[in-house]
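The values are calculated or read from the model by the stated rules, or taken from the named source; none is laboratory data. Here the structure is a predicted model, which is why all the values come from computation and not from measurement. Note: ideal-geometry Cβ built from the backbone for every residue, glycine included; neighbour counts use all protein chains shown.
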Amino acid sequence: DLEGGPSQNLAFGGEARLGNRLSVRSGVRWSVEGDRRLVTSAGTSFAIRPRMWIDTYYEYSGNDEHRGYGFALRAGM
């Protein structure tokens, strides 16, 4: 998001597989300049069939600027 101009962020995250069909992930990021807004996120991937997944995510920050959620259908070869 370059609405406010370029920014520099630092981020850490991880992902774990829970069985054959479910993966979960989470992470944090924050700005290394200006006000250090912390944003946390979590997501899942669920295999609905071989090489096809439903992905979801949710992100949260202390202000309304970085809150959101989404989902997608992802297919691979």
Of (1) assigned to a strand (DSSP E or B); (2) exposed (fewer than 15 other Cβ atoms within 10 Å of the Cβ); (3) not β-branched (V, I, T), N20 fails just (1)
What about E15, is it acidic (D, E), without any contact (Cβ under 8 Å) to a residue 12 or more places away in the chain and surrounded by 11 or more Cβ atoms within 10 Å (Cβ to Cβ)?
yes
If only one of G76, G5 is loosely packed, with under 15 Cβ neighbours inside 10 Å and either on the phi < 0 side of the Ramachandran plot or touching a Cys at 6+ places or on another chain (Cβ under 9 Å) (or both), which one is it?
G76
Residue by residue through segment 40-70, note down the ones that are assigned to a strand (DSSP E or B), modelled with pLDDT under 90 and not small (G, A, S).
none
